[in-house]
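Below is one structure, written out as structure tokens, with a few remarks after it.
Coordinate-derived values only; no laboratory data. Treat the numbers as computed from the prediction; the structure is a model and nothing was measured. Virtual Cβ from ideal backbone geometry, glycine too; neighbours counted across all protein chains shown.
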Amino acid sequence: MAGKFEVYQDRGGKYRFRLKASNGQVVASGEAYETKAAAGKGCESAQNAAAGAPVIETDS
């Protein structure tokens, strides 16, 4: 099974999304949104932005 996005309501009443790997581990999370629909659009934006995105190594 591939990873999945989950939209949930946090303790403060805001909506957030997280990306979970197939093993259930959270690998990314989004900011707080006022509505569930906005959090869903945040998921879509993350999917679109990640498609074909390069991996860049930085010196830190």
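Evaluate the charge dipole of the chain about its Cα centre and quote only its size in Debye, nearest 20, assuming +1 on the Cβ of each Lys and Arg and -1 on the Cβ of each Asp and Glu.
Values: 8 positive and 7 negative charges, 74 e Å.
With only Lys, Arg, Asp and Glu charged at Cβ, the dipole is about 360 debye.
Rounding to the nearest 10 and keeping the result within 0 to 90°, find how far the Cα-based axis of helix 36-50 lies from the longest principal axis of the chain.
Helix 36-50 sits roughly 10 degrees off the main axis of the chain.
Calculate the FRET efficiency for ALA38 and ALA2 from the Cβ-Cβ distance with a Förster distance of 25 Å, rounded to the nearest 0.05. Please report the intermediate quantities before stating the final value.
Working: r = 24 Å, r/R0 = 0.95.
Working from the Cβ atoms, E equals 0.55.
For a quick check of your reading of the filter: which GluC sites (Glu not before Pro) in region 8-60 sit in a DSSP loop and have no more than 16 other Cβ atoms within 10 Å?
Working: sites: GLU31, GLU34, GLU44, GLU57; in loops: GLU31, GLU34, GLU57.
Qualifying residues, ordered by number: GLU31, GLU34, GLU57.
Where does the chain land at 222 nm, in deg cm²/dmol rounded to the nearest 500, when only DSSP H runs of n ≥ 4 count, each adding -39500 (n - 2.57), divided by all residues? Don't skip to the end; give the middle numbers.
On the way: 1 runs with 15 residues, N = 60.
-8000 deg cm²/dmol, from helical runs alone.
Picking from GLY42, GLY30, GLY13, which is most flexible by a Gaussian network model of the chain using Cα springs under 10 Å?
So, out of GLY42, GLY30, GLY13, the one fluctuating most is GLY13.
7 Å from Cα along Cα→Cβ at both SER45 and GLU57: what's the point-to-point distance in nm?
Placing both labels 7 Å along Cα→Cβ, they lie 3.1 nm apart.
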